[in-house]
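Submitted below is the structure of interest, expressed as structure tokens.
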Amino acid sequence: MQGQEPVVAKALWYIESHFSGEISLEEISTRSGVSKYHLTRAFTVATGRTIMQYVRGRRLTEAARVLVNGAPDILAVALDSGYGSHEAFTRAFREEFGLTPEAVRERGDLNAISITEPIRMKEEMLTALQAPRFAGGETLLVAGLSERYTAEGCAAIPSQWQKFVPHIGHVPGQFGKEAYGVICNSDDTGSIDYITGVAVSDFSRLPPGFARLRIPPQRYAVFHHPGHISGIQRTWYTIWNQWMPESGFQATGGPEFERYGEEFNGVTGLGGVEIWIPVKRQAAD
């Protein structure tokens with residue numbers, strides 16, 4: 001670390017200190033010193049869940065602990081947990097755990113529900129990161145298969161690649177031998193569209209069901225992930241939690257992508273991958 005805590009660690013500290021009251025994504029991102037987009041991407045990469053889902057889980061888990069200890073007044077628990085009414089609290093509690101507050105209190109233990117314990121980020125998640133190069137990309141037309149993923153569902157991305165790989169080299173209008181994993185249309189819940197695709201000269205001859213994405217020219221920070229593809233999450237984590245906050249740049253929120261060149265071996269998972277993130281200089285305070 002270079003004298004700075006990772007972004008997600010700052011966010012987790014703030015959440016643990018404030019989740020019983022009103023707390024918003026904008027507030028957490030401000031306290032973490034980054035944009036909402038940056039925090040959402042960093043948190044999802046680090047934990048596999050959305051930040052506000054974590055806030056809700058922590059809030060309701062602590063409420064459940066109070067209930068199993070025999071709290072007599074559920075409304076008081078609701079108010080202490082940041083809910084304005086018994087009804088709102090019960091609705092959120094049932095959605096989170098599948099049981100009512102009364103049922104959990106009656107059981108007297110937490111064994112029947114899936115609770116959210118505090119996350120403690122490990123510094124081992126950080127990895128040695130080569131300094132990026134900067135590139136001014138031209139317009140890129142990507143065509144391929146697209147799926148929408150929640151933060152929790154991203155583990156299924158390798159199976160999407162498995163479906164797409166047989167198309168590589170056979171996509172009408174394809175040029176170049178590179179493949180692209182494009183992350184776009186991210187929202188505040190951490191959900192993303194992920195496109196497994198190739199570069200094409202135009203979209204006119206694509207088969208039905210193929211996604212089409214036009215990526216405009218922009219400035220990119222380009223990072224090289226040299227190891228096995230299974231470790232790429234650590235590279236993403238280090239970019240968002242260490243490099244970006246210290247770099248003087250910020251992500252623009254435009255499509256990011258992984259670029260798999262000819263040297264990448266899809267059988268062994270080796271050969272290296274590039275991560276392209278559109279960036280701009282941070283505005284002076």
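The values are calculated or read from the model by the stated rules, or taken from the named source; none is laboratory data. All values derive from a computational prediction rather than experimental measurement. Cβ sites come from the backbone with ideal geometry, for glycine too, and all protein chains shown count toward neighbours. Ligands, DNA and RNA are excluded from the accessible area calculation, which covers all protein heavy atoms including side chains. Shrake-Rupley method; radii C 1.70, N 1.55, O 1.52, S 1.80 Å.
Where a ≥ b ≥ c are the square roots of the eigenvalues of the C-alpha gyration tensor, would you call the stretch 184-223 rounded, which needs a/c under 1.5, or, failing that, prolate if a/b is larger than b/c, or oblate?
Oblate, since a/c reaches 1.5 and b/c is not below a/b.
Now, a different point. Provide the solvent-accessible area of HIS228, counting protein heavy atoms only and rolling a 1.4 Å probe, rounded to the nearest 10 Å².
Surface open to solvent at HIS228 totals about 80 Å².
If you roll a 1.4 Å probe over the heavy atoms of the protein chains, what accessible area per residue do you get for the chain, in Å²?
On a per-residue basis, 49 Å².
Do any GluC sites (Glu not before Pro) in the stretch 1-95 lie in a DSSP loop with no more than 12 other beta carbon atoms within 10 Å, and if so, which?
GLU22
Divide by every residue of the chain the summed helix terms, -39500 (n - 2.57) for each DSSP H run of at least 4, and state the resulting mean residue ellipticity at 222 nm, rounded to the nearest 500 deg cm²/dmol.
The helix-only estimate for the chain comes to -9500 deg cm²/dmol at 222 nm.
Could you work out the relative contact order of the chain? I mean the mean sequence separation of Cα pairs under 8 Å and 6+ apart, divided by the number of residues, in percent.
Reported relative contact order: 20 percent.
Could I ask something else about it? Taking all protein chains as present, what is the carbon and sulfur share of the accessible area of the chain, in % to the nearest whole number, probe 1.4 Å?
In the chain, the share of accessible area belonging to carbon and sulfur is 50 percent.
Sticking with this structure for a sec: Under 5 Å between amide hydrogens, which residues at least 5 positions from THR116 or on another chain qualify, with H placed 1.01 Å from N in the peptide plane?
Excluding prolines and chain starts, which carry no amide H, the hits are THR61.
Enter the angle in degrees (range 0 to 90, nearest 10) between the Cα long axis of helix 36-47 and the first principal axis of the Cα atoms of the chain, meaning the one along which they spread out most.
Once rounded, the angle reads 80 degrees.
Which angle from 0 to 90°, rounded to the nearest 10, does the C-alpha axis of helix 51-68 make with the longest principal axis of the chain?
It works out to around 20 degrees.
Run through the stretch 110-206 and list the chymotrypsin sites (Phe, Trp or Tyr not before Pro) located in a DSSP loop whose Cβ has at most 16 other Cβ atoms within 10 Å.
Here the sparse-neighbourhood loop sites are PHE175, PHE203.
Is the C-alpha gyration tensor of the stretch 78-218 telling us rounded, prolate or oblate? Criteria: a/c under 1.5 is rounded; beyond that, a/b larger than b/c is prolate, otherwise oblate.
Values: a/c = 2.88, a/b = 2.23, b/c = 1.29.
Taking the square roots of the gyration eigenvalues as a ≥ b ≥ c, the stretch 78-218 is prolate.
Over the Cα atoms of the stretch 202-283, what is the Rg over Rh ratio if Rh follows Kirkwood?
That ratio equals 1.04.
Let me ask something else about it. Hull surface divided by four, with the convex hull built on the Cα atoms of the chain: how many nm²?
Projected over every direction and averaged, the Cα hull of the chain covers 17.5 nm².
With a/c under 1.5 counting as rounded, go ahead and sort the stretch 8-87 into rounded, prolate or oblate using the C-alpha gyration tensor (a ≥ b ≥ c being the square roots of the eigenvalues; past the cut-off, prolate if a/b is larger than b/c, else oblate).
prolate
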